[in-house]
Amino acid sequence: MNWPKGLEGLCYGGDYNPEQWPEKVWEEDVALMRQAGVNLVSVGVFSWARLEPAEGAYDFGWLDRVLDLLHGGGVRVNLATPTASPPPWFSLAHPDALAVTADGVRLTHGSRDTYCVTAPAYREASVRIARALAERYAGHPALAMWHVHNEYGTGCHCDHAAAAFRAWLRARHGSLEALNDAWTTSFWSQHYSAWEQVMPPRATQYLPNPAQVLDFRRFLSDELLAHFREQKAVLRELTPDVPVTTNFVFGDWVPVNQWDWAKEVDLVAIDHYPAQNPPEETAFAADLARGWAGGRPWLLMEQAVVTYTGPRMAAKRPGEITRLSLSHIARGSRGAMFFQWRASRGGAELWHGGMVPHSGPDSRIFREIRDLGALLPALAEACEAPVEASAAILWDPESGWALQSPGFPSTEVGYLEAVRQAHRVLYRHGVTADFARPSADLSAYELVIAPSLYLLSDDDADNLRRYAAGGGRLVVSFLSGIADGHARVRTGGYPGALRDLLGVRVEEFLPIADPVTLDDGATATLWTEHVHLAGAEALARYPDGTPAVTRRGRAVYVSTRLDDDAYARLLGLGPAAPVESVRRGDWVFSVNHGDREQAIPGNLLLPPGGYAVARVPR
Ligand code: GAL
């Protein structure tokens, strides 16, 4: 299954920040790690200032001792390059490498991620520290993996960023005239007559140009990836057999196109911090990660022992750490890792919890961590077969970015919300879904959902046509196929690129404040459209009799936001599933997140909060 050598078994551990503690604590750490079954820790994620206390002067002594200690305790090391947090001396020596916000404020060190990824001094310093680490630890028996940087996603609007953006735009568009055309600069007198006039989307008087904003996000994804690749090249050169990864983070602010990045990492790793509905959000994140990994195993690199719910941060409920970890593993993670090993006693994240909480190992949290560590080795066999999924949801981060454009007809509809709803409905009814790129071969899926696939190329539209022509069931929701790659509307009626496939022509968008009831009883909220049938039949109609949900052959169009039950009915789903269940070959993972006993395959009864991994041949 292409899982890197050296990471056999399920990985268990977390971010380990020994530099926050006196050395006498380290011995206890390793002893407790052994008790807890920890076999992998991420070290040095934020250690730059300790590793390179002055430019070009290194202090590796402490890290040598940490790695030796861990190795002696049988714990493998996922060694980080510390580039997510340059030291204060660096910022003072290279003030031009400090990030500038869209409104022109140059940030100051004192937090983390305060750099401009395009600043030459930062790029050089990043490669230098990565090289120094690789030279030092090549061949160290504890070194199992490289963890480059942390949660890539930070942007900048400074002059370095402007210059790099222009270079990227030249490569993308070829000529200034092509850029003017792609960005529709004829609107509001934005025509550029020299490259130097083109800027990152800095603060403007009124709405910025949406195509410029979209290209800047794409540029950031590529530029951050270039930073990753530079480090990876050095690590490969010096440690060719050690896998290299970075931890992907969730959030609609993240300018990272995971499809492109996934090709560059030796294994996909994610950090996941659910907030409102942890089981559903966990399944969503895990299925996405598996999608990015192309169905191969991936790794949950960080989760917390606390849940962040709006204004509150509270310890996960008894059993919850285990259940959510199992859910990730069921869906393809080769283990469960945490932020962080030992809860910090100072610093900005002193309340974020740890596998060893402030109260120490004599605690409910640590006991659960220990029990989970004891459980994991037994699961390895069940993780061999691939996760089985009959449905796919199309994921396109660029559509998400484009739908964040200011000046949109409704601020209440959003890409992530549409994707999450599709996943949630399948999840609640026990259907495991993959996530796929719109260009992927979809022929193996019984059902494909395209939620708000706003930007759609002609090739990807053809791919959907091929899928439907091959007998696949395709469900497309509103705001799909609307724009080309430059966020320009495809004229002649929405949903542009998909009109013929869906057999509809939409004349107007009609966002609504109050719900309406469709003639099949479904509740429609937020968004409606004036739909004309052009080859399709109506499955449900708005109160004024115009079509709301349509079908042509096996292709369904949903022009509004349906309530979850109506969505499930439309998809033909069975009753709600009381237990999360994932099949992998003969093995079925079952997790009961609810408060009632439930029967599961294999004639088993799962108590409230219980779980089972059972061999249940079909
Ligand atoms: C993650 C991050 C960690 C830590 C954690 C706190 O997003 O990678 O360094 O900040 O959040 O929950």
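The values are calculated or read from the model by the stated rules, or taken from the named source; none is laboratory data. Given the structure is predicted, the values throughout are model-derived calculations rather than measurements. As a convention, Cβ positions derive from the backbone with ideal geometry for all residues, glycine included, and neighbour counts pool all protein chains shown. Heads up: the accessible areas ignore ligands, DNA and RNA and are worked out on the full protein's heavy atoms, side chains in. Shrake-Rupley method; radii C 1.70, N 1.55, O 1.52, S 1.80 Å.
Per-structure values
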read-out: Looking only at segment 205-256, and only at residues there that are under 23 Å from SER399 (Cα atoms) and of a type in the set (Val, Ile, Thr), the one that is nearest to the ligand (Cβ to nearest atom); value: VAL249
read-out: Pick from segment 32-54, criterion within 14 Å of the ligand (Cβ to nearest atom) and touching a residue at least 40 places away in the same chain (Cβ under 8 Å), ranking: nearest to GLY9 (Cα to Cα); value: VAL41
read-out: Residue match in segment 308-316 (condition: in contact with a helix residue (DSSP H, G or I) (Cβ under 7 Å, 6 or more places away or on another chain) and of a type in the set (A, V, I, L, M, F, W, C)); value: yes
read-out: Single unsatisfied condition, GLU223 versus (1) open to solvent by 20 Å² or more (accessible area, probe 1.4 Å); (2) more than 30 Å from ASP181 (Cα to Cα); value: (2)
read-out: Residue list for segment 287-308, restricted to those being within 14 Å of the ligand (Cβ to nearest atom) and either at positive phi or open to solvent by 40 Å² or more (accessible area, probe 1.4 Å) (or both); value: TYR308
read-out: Subset of segment 124-148 [touching a strand residue (DSSP E or B) at 6+ places or on another chain (Cβ under 6 Å) and within 30 Å of GLN212 (Cα to Cα)]; value: VAL148
read-out: Check on TYR192, aromatic (Phe, Trp, Tyr) and open to solvent by less than 40 Å² (accessible area, probe 1.4 Å); value: yes
read-out: Among (1) in contact with a helix residue (DSSP H, G or I) (Cβ under 7 Å, 6 or more places away or on another chain); (2) within 12 Å of the ligand (Cβ to nearest atom); (3) among the aromatic types (Phe, Trp, Tyr) - the single one PHE284 does not satisfy; value: (2)
read-out: Unique residue being open to solvent by 30 Å² or more (accessible area, probe 1.4 Å) and within 24 Å of the chain's Cα centre (by Cα) when the list is ARG236, ARG202, ARG218, ARG229; value: ARG229
read-out: Verdict on GLU398 being among the acidic types (Asp, Glu) and part of a loop (DSSP other than H, G, I, E, B); value: no
read-out: Flag for ASP462 being of a type outside the set (Phe, Trp, Tyr) and free of Cβ contacts under 8 Å to residues at least 12 places away in the same chain; value: yes
read-out: Members of segment 1-47 that are β-branched (Val, Ile, Thr) and crowded, with 18+ Cβ neighbours inside 10 Å; value: VAL30, VAL38, VAL41, VAL43, VAL45
read-out: Residues within segment 333-392 that are among the acidic types (Asp, Glu) and within 16 Å of the ligand (Cβ to nearest atom), tallied; value: 1
read-out: Qualifying positions in segment 79-110 - open to solvent by 10 Å² or more (accessible area, probe 1.4 Å), in a loop (DSSP other than H, G, I, E, B) and within 21 Å of ALA203 (Cβ to Cβ); value: LEU98, THR101, ALA102, ASP103, GLY104, VAL105, LEU107, THR108
read-out: Residues of segment 311-332 classified as within 15 Å of the ligand (Cβ to nearest atom) and over 20 Å from SER363 (Cα atoms), total; value: 1
read-out: Some residue of segment 255-263 being under 23 Å from GLN404 (Cβ atoms), outside any helix (DSSP H, G or I), in contact with an Asp or Glu (Cβ under 8 Å, 6 or more places away or on another chain) and touching a residue at least 60 places away in the same chain (Cβ under 8 Å); value: yes
read-out: Among the candidates ARG554, ARG499, ARG505, ARG490, residue that is touching a His at 6+ places or on another chain (Cβ under 6 Å) and surrounded by fewer than 23 Cβ atoms within 10 Å (Cβ to Cβ); value: ARG505
